1. So, in the range 27-39, how many residues would count as being touching a residue at least 24 places away in the same chain (Cβ under 8 Å) and either of a type in the set (S, T, N, Q) or in a helix (DSSP H, G or I) (or both)?
2. Please state which one of ASP24, ASP42 is modelled with pLDDT of 95 or more, among the acidic types (Asp, Glu) and part of a helix (DSSP H, G or I).
3. With the requirement that a residue be under 20 Å from MET1 (Cβ atoms), over 13 Å from the mean Cα position of the chain (by Cα), of a type outside the set (A, V, I, L, M) and surrounded by 11 or more Cβ atoms within 10 Å (Cβ to Cβ), what does the range 60-90 give you?
4. Among GLY34, GLY29, which is the only one that is surrounded by 13 or more Cβ atoms within 10 Å (Cβ to Cβ), farther than 16 Å from ILE82 by Cα and among the small types (Gly, Ala, Ser)?
5. Of all residues in the range 64-107, how many are closer than 21 Å to ASP8 by Cα and hydrophobic (A, V, I, L, M, F, W, C)?
6. Within the range 47-71, which residues are assigned to a strand (DSSP E or B) and either modelled with pLDDT under 95 or over 14 Å from LEU21 (Cα atoms) (or both)?
7. Please find, among ALA35, ALA25, ALA30, the residue that is under 17 Å from GLU69 (Cβ atoms) and in contact with a His (Cβ under 8 Å, 6 or more places away or on another chain).
Amino acid sequence: MSTEAQDDRVFKALAHPRRRLMLDALKDGAKTTGALCEAFDDMDRCTVMQHLKVLEEAGLVVARREGRERWNHLDALPIKRIHDRWISEYAGHALSILDRLKGDLDG
C-alpha cells in the first residue's frame, strides 16, 4: 500500500471524535474489547467493533487474542509519521514567519 493511501486511512480514522477518544483510552495501556465497550457504554458492541476495525486498518490499533479476550494495543507510529511529514514541517515554517514578523515589529 502506498504511503499516501496509508496516510488517508490514518486521517480518516482520526477524523471521527469517538475513534480519537478510543485512542485516548488506549494511551495508558492495552484494553480488551469488552473494557472498551464498557468505557463507551453509549455505543453497542457492534459499533465499537466497527470503530476498532477502522483504527486497525489505519494501523493505529493492533489487536492480539489471548484465549477468549481480544486485547487492543495503541500503535502511535502512524501518528508520528503524519506529524513528521505534515505538522513538524508546517510548524517550522510558521515559526519562521512569526520570527520574521517579530523582527519586523521590533526593528
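The values are calculated or read from the model by the stated rules, or taken from the named source; none is laboratory data. This one's a predicted model, so the numbers in the text were calculated from it and none came from an experiment. Quick reminder, even Gly has a Cβ in these numbers, built from the backbone with ideal geometry, and neighbours come from all protein chains shown.
1. 4
2. ASP24
3. Answer for the range 60-90, where residues must be under 20 Å from MET1 (Cβ atoms), over 13 Å from the mean Cα position of the chain (by Cα), of a type outside the set (A, V, I, L, M) and surrounded by 11 or more Cβ atoms within 10 Å (Cβ to Cβ): ARG85, TRP86.
4. Selected residue: GLY34, the only one of GLY34, GLY29 that is surrounded by 13 or more Cβ atoms within 10 Å (Cβ to Cβ), farther than 16 Å from ILE82 by Cα and among the small types (Gly, Ala, Ser).
5. 8
6. VAL62, ALA63, ARG64, ARG65, GLU66, GLU69, ARG70, TRP71
7. Working: ALA35 fails: in contact with a His (Cβ under 8 Å, 6 or more places away or on another chain); ALA25 fails: in contact with a His (Cβ under 8 Å, 6 or more places away or on another chain).
From the options ALA35, ALA25, ALA30, the qualifying one is ALA30.
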